[in-house]
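To keep things clear, I will list the structure first and then write my remarks on it.
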Amino acid sequence: MDFMDLIEMPRVDNVKVYRQIQNYELNQLVTQKLFGSLNLTSHHLIFITQTDLQKPREEIWIVHSSIDSLEKNVTEAKFQLMIKCKNFQIYFVDFPTAYCCNSIHKSLESLSNLTTENMKLPFFCQTISKINQEDWNFYSIEKSYKRFFPNEDSSEWRISEINNDFKISPSYPKKVIVPKNIDDQALIKSSQFRSMGRFPILSYYHKKTNSFILRSGQPLLGSSNKRCKEDELILKCALPKGKQGYVYDLRDASILKTAVSKGGGYETEVNYPLWKRINKHMDRFDQLHISYSKLIDACINSSTQFFYKLDTSAWFYNIRQALYLSFLIADEIHNKNGCFLIHGWDGLDNTLLISSLAQILLDPESRTLDGFIDLIEKEWLHAGHPFSKRYFKSAFGTTPQKQEGPVFVLFLDCVRQLCEQFCLSFEFNEDFLIMLFDNLYTSEYGTFLGNNQNEREQLLVSSRTVSLWTYVKNEENIKKFINPLYKINDDVIWPSIFTQSLSLWSNLFLRFQINSKPNDEAKKEIVKLVETNLQVKIKVEKLRNELLELQKEAIDAGVLNSENY
Amino acid sequence: MKLDLEESNVITKIENVQLEDRSNSKIKTAGLLYLTISHLVFIETNSKREIWIYYSLINSIEKLPLSINGSPILIRTKHFLNCLFIISKERDCQTLVQVLNQYSRPTKYHELLCFRENSHLKKLLDSTHKNNQQIYHLESEYARMGLPNNKWTMTNLNSDYQICDTYPNVLFVPASVEDKILQSSANFRSRGRLPVLSYLHPNGASLTRCSQPLSGFNGRCDEDEQLLQHILMTNENSKFMYVVDTRPKINAMANKAQGKGYENETNYKNIQFHFIGIENIHVMRNSLDKLVKCADSSSNSSFLTELEKTEWLKHIKAIIDTSVFLVEAINDQNTSVLVHCSDGWDRTAQTCALASLLLDPYYRSIHGFQVLIEKEWLLFGHKFSHRCGHLFENDKEISPIFSQFLECVWQLQLQFPCAFEFNETYLIKLHEHVYSCQFGTFIGNCQKERNDLKINELTYSLWDYFQSKIYDFINPLYIPNSFYSNSVLRPDTRIFSLKFWRSLYNRFDSAINPSEKLIDSVSMLSYNTSSLQEYSKLLEKRCAQLKKLIQLNKNDENVLIDLSEDDFEKIEISDKNENEKKSFEKKLTLDEISIDFNSIDLNWKSTRKNCVCYEPFDFASSKLNCSRCGEILCERCVENGKYVSHSISPHLEQFNFELAKSNGS
């Protein structure tokens, strides 16, 4: 299939585009009306205003894949298309004829819903920057292993390459960390007993207390009540003496029977005597998608009962729950003797959310820019979070398959809440999180393509697209993402999880409605203050050295009385 | 503010008391309760953490049902501290309630704290200039607006409060108007509160304020109508003016039946009449009650729904919306506005003050904001003592009208972080002291009453106290010349832009507030910078001194050296006087250089850390860095001079010299 087959009408003239823009002086939204032509290319909708002596030419570029939903409103007098983007921007386009409107609508419907990974934007954006293999290999399991176990010999854990060909578990990476005295055969057996072949692997090791987090898919007991000795052995071997194991099952206890009847299940106390199972409810990704849609709806149509609508969207419930559960895990790991196995259904969504949030609380490294990128690589990309499926649509759209669910958006929001509560402890800033959000849905970079490492390898992502980290690491860009007030905090951070402690992510969810200028001004001022402070410190250091030298000279010359010293 | 227990008069002591953590009822801390004549003090046995509560701040004392541990008593304060004490002996509990009832319910002004001897404030304020209050003359503020001029004049008609006892003794009115018109207008207005000037914009449009007319259904007053015409005429840029009744129309209608009401548009020429619905004091009081409950039930997962039900932010929105209406009329349409509500001392004060703040950047400075409060609130007779319940009298008069104004300003600070010279802590502390009765500033209901009480002579001024610790209140992000600080502020009043003021309503819930406070670290950064700048000057001087000393040695002994520029040592060495030269050498010892050298710590401790004395639980408590060792100190330790070996950032010389003196260095 070629893009050109999808474009019936590459250009329409006499089009009106309406969008809301911020009038900074009046501090209010005004509707901007533009006249011009609309052009379709393989990846973009480009609107160009008519040249006018008074006004310079303006262009609006909308990437097809950034379109979340299209609503056609054709009456006798009006031929209008409403374009809702995945970043919450909304455009209204008036066409001169019904025919153009229908034609463009049809083309955009196809172009914005392309499922073929190979046709996605990053494969056509190789020129934005040189493909840098180093950035593609920024993270490796060996890196994590070295961080967790600086001394390999005394470690009870090893790297297994059992999944090297992605056969055992297609959604797992090639290499995983498992208990040292469990052989690969046992892993294979365990993988057959776990949903999607996701046998228990090490997610995080807390050096300070030698406690850890494992994660997996649910065990496949089924109604015949199967068990797997090797799986039991993994959990038994993993747990050192004196530690208490907890299976954190992120599903409500009431749902377990249904899970069993569908071939899934849970770890029974009889077969896993050392491990205590705790069921904690988290909304599943499809429910979360509904929550997200309600949240954005409240933000956009917020004239009445705004707080009530926010509440009923359950978005804050999900943030609280996610932070609360990771808080409990961090508390057990750091202050008590708990070790964890986390899973829900397949261990692709909430499992990763909770394990990565717990690490942010526990591990100061993950609060640095590089450490955070490592965390995203390890806990989301390598862990097989299905990015392609989950972020195919945003808050306005759905697909019949209902595979979308903004789990990673919830993760970003939770991290932002933490950044707000611990404004000195994170090296990166809110803009970095917003940049990640934007690239999640539509990107020129290949990082979030596919659903797991296996798919990315088949697509040759690393040789055909540029990594998002290449963009981030660029000297000019990285400055934008650094928190000027960052001071390393070696402690575990304990977040507040009261609703009052949480805030709506205005700079993201209300980004096209509020005036961010006064706040940007404040951010710039902080950067300025930090720079001035640094300059003064350098000056003082220099003067101190000068004084010390002069002092020495004076003593040598015998002009300075050193008796009292 | 906290004192030393030794200095306070302890009435009784209660042992075996437990304080329950409000965010987690399982956590209880054991300690001792002291009841002094002015405070309730709880000292935790283990941590030595102290909680001091002024009786004047106590809002309610509630005995809860007996539990196994003892009798629980819930104390709620007006600045939103909630303490649940569990007292093991029932008899102690009775004593507590009895003492509190006796001491926390003053019925006469002279029983209030501010009239009592206060050694702490004496120490703090007597050395500095006393009684700043008098600086705020109404005339000087109007002079700042260029008044009197040919349009507006000052009248002494009210010099003895004869036409209106709740107005100031100096009023500004149109220059063209005769006294008898003013007199008649006052007679036609509720409580004599005739239309007078509040604020004059540079474009000539004015903001005037008054109370409702006593019009009833058909009443009219020719002179009152004339007065409005005179006000309209002062502004050449507009053919009409607005009269804004800030009440909901239904309330104004109800007043008609009582012989009051609103202006009949047909009687007044060229006025446009507007109702804008801000609810009355009773609705606001009930709304706050709900809000406090909503904030308190911190484990309540439906907080947002509860918040919606309180309608608090809806009321805040109404006040800001009304002020924006005034701003648009005055600034954008060049049209004058006359504002009133019923008596013109609640909603009128809120909206006139807020509109002035939006219109004129001066009111966003620390000094300007004080002037604004003095003018619109204190002088124009907002009934602080009634509204804040300073005395134990009519509960129905209590209403958080001024608090709402502070909250509106806070909402603006949030939207325009660089436009205000003062910070959030300033507002929170102001809120506290409006109720605390420690200072005379907000005591009484109008200027006349304050004069009668001799407030200026007998009490300390809150403004002086604030001035003495101004470093706590400066917004480090204030950019005086930026677009938003220089121009008319246009707030976003859509409901999603209004926030719940967590740091006020949950001020003492440390589990709810962020662990790391952004503004603290930014303040620290800017103080650190200014300290280091001072320090680098010192180093430069030392270097220069040493250079000269070395030079002196190399050259002929008789070389002329002038060190008079050095104001640190203030030594002049005359060429021939060997003794003086020796004394100079003696002065500059290694020891001294090393003291200078170590007089400052380059890397101050992060504000993440707490003071060595105890863990603060008050979100508004400030943290300061000792510039010498970089350690964090709390406000209380600094104020009590407990940690005199530390020195606080030198940028506030006055205060720090104090510290330095007691330090003996």
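The values are calculated or read from the model by the stated rules, or taken from the named source; none is laboratory data. Please read all numbers here as calculations on a predicted model, not as lab measurements. Here Cβ is always computed from backbone atoms with ideal geometry, including for glycine, and neighbour counts include all displayed protein chains. For the accessible areas, the whole protein counts, side chains as well, though only heavy atoms, and no ligand, DNA or RNA atoms are used. Shrake-Rupley method; radii C 1.70, N 1.55, O 1.52, S 1.80 Å.
Things to note:
- Here's the picture: charge each Lys and Arg Cβ at +1 and each Asp and Glu Cβ at -1 in segment B:449-514, and of B:TYR471, B:PHE483, B:LEU504 the one pushed furthest to the positive end of that dipole is B:PHE483.
- Contact order normalised by residue count of chain A, Cα under 8 Å, 6+ apart, percent: 14 percent
- Entry for segment B:182-308 at q = 0.16 Å⁻¹: log10 I(q)/I(0) = -0.82, Debye formula applied to identical alpha-carbon scatterers, no solvent contribution.
- Loop-resident trypsin sites (Lys or Arg not before Pro) (DSSP state other than H, G, I, E or B) in segment B:422-524 with no more than 14 further Cβ atoms inside 10 Å of their Cβ: B:LYS454.
- Computed P(r) (all Cα pairs; segment A:84-219; 5 Å bins; percent): 2, 8, 12, 13, 11, 10, 9, 9, 8, 6, 5, 4, 2, 1, 0
- Carbon and sulfur %, accessible surface of chain A computed with the full protein complex present, 1.4 Å: 50 percent
- Base-10 log of normalised Debye intensity for segment A:262-333 (one unit scatterer per alpha-carbon) at q = 0.25 Å⁻¹: -1.09
- When Rg and the Kirkwood radius Rh are both evaluated on Cα atoms of segment B:167-216, their ratio Rg/Rh stands at 0.99.
- Shielding score for B:501-514, defined as the mean number of other chain Cβ atoms within 10 Å: 3
- Inter-chain neighbour count for A:304-313: the average number of beta-carbon atoms from partner chains within 10 Å of each residue's beta-carbon is 5.
- Rough spin-label spacing in nm, given labels placed 7 Å along Cα→Cβ, for B:ASP332 and A:ALA77: 2.8 nm
- Dividing the convex hull volume of the alpha-carbon atoms in segment A:220-322 by its residue count gives 118 Å³ per residue.
- Across peptide B:407-418, the mean count of Cβ atoms from other chains lying within 10 Å of each residue's own Cβ comes to 2.
- Computed over chain B, the alpha-carbon pair-distance distribution with 20 angstrom bins reads 16, 45, 28, 10, 1, 0, each value a whole percent.
- At R0 = 35 Å, FRET efficiency that the Cβ-Cβ distance of A:LYS479 and A:ASP165 yields, to 0.05: 0.25
- In the B-A interface, the accessible area buried, summed over both sides, Å² (probe 1.4 Å): 6600 Å²
- Segment B:436-441 - phi-based ³J(HN,Hα) in whole Hz, Karplus 6.51/-1.76/1.60, Gly and Pro as x: 5, 6, 6, 10, x, 3
- Applying both filters, DSSP loop and at most 14 other Cβ atoms within 10 Å, to the GluC sites (Glu not before Pro) of segment A:513-565 gives A:GLU563.
- Value at 222 nm in deg cm²/dmol, rounded to 500, when DSSP H runs of n ≥ 4 in chain A each add -39,500 (n - 2.57): -11500 deg cm²/dmol
- Note on B:LYS89/B:ASN610: beta-carbon distance plugged into 1/(1 + (r/R0)^6) with R0 of 41 Å gives a FRET efficiency of 0.75.
- Computed 3J(HN,Hα) for segment A:383-388, one whole-Hz value per residue from the Karplus formula 6.51 cos²θ - 1.76 cosθ + 1.60 where θ = phi - 60°, is 7, x, 5, x, 4, 4, glycine and proline marked x.
- Relative contact order (percent, whole number), segment B:220-318, Cα cutoff 8 Å, 6+ residue spacing: 26 percent
- Tail fraction, Cα-Cα pairs, chain A, threshold 40 Å, whole percent: 34 percent
- Electrostatic dipole magnitude of the protein assembly as shown [Cβ: Lys, Arg +1; Asp, Glu -1; Cα centre; debye, to 20]: 3080 debye
- Along each principal axis, taking the top coordinate minus the bottom one, the Cα set of the protein assembly as shown gives 99, 98, 79 Å in descending order.
- Averaged per residue, chain A has 43 square angstrom of accessible surface, using a 1.4 angstrom probe with ligands and nucleic acids left out.
- Placing R0 at 35 angstrom, the Cβ-Cβ distance between A:SER224 and A:TYR324 gives a FRET efficiency of 0.45 after rounding to 0.05.
- Spherically averaged projected area in nm², based on the convex hull that wraps the Cα atoms of segment A:32-149: 11.5 nm²
- Listed residue (B:LEU197, B:ALA175, B:LEU147) projecting farthest to the positive dipole end of segment B:104-214, Cβ model: B:LEU197
- For chain B, accessible area per residue (1.4 Å probe, heavy atoms of protein chains only), Å²: 39 Å²
- The GluC sites (Glu not before Pro) of segment B:66-123 meeting both criteria, a DSSP state outside H, G, I, E and B (loop) and at most 10 other C-beta atoms within 10 angstrom of the site's C-beta, are B:GLU117.
- Approximating the spin labels as points 7 Å out from Cα along Cα→Cβ, the B:GLU265-to-A:ASN210 distance works out to 8.3 nm.
- Distant-in-sequence amide contacts of A:CYS339, defined by a placed amide H-H separation under 5 Å and a gap of 5 or more residues or a different chain, comprise A:GLN244, A:GLY245, A:TYR246.
- Alpha-carbon spread of segment B:467-556, three principal axes, descending order, Å: 79, 37, 23
- Computed over segment B:67-211, Kirkwood Rh from alpha-carbon pairs, angstrom: 20.4 Å
- Rounded to the nearest Hz, the phi-derived 3J(HN,Hα) couplings of segment A:252-257 under the Karplus curve 6.51 cos²θ - 1.76 cosθ + 1.60 (θ = phi - 60°) are 5, 4, 5, 9, 4, 4, where x marks glycine and proline.
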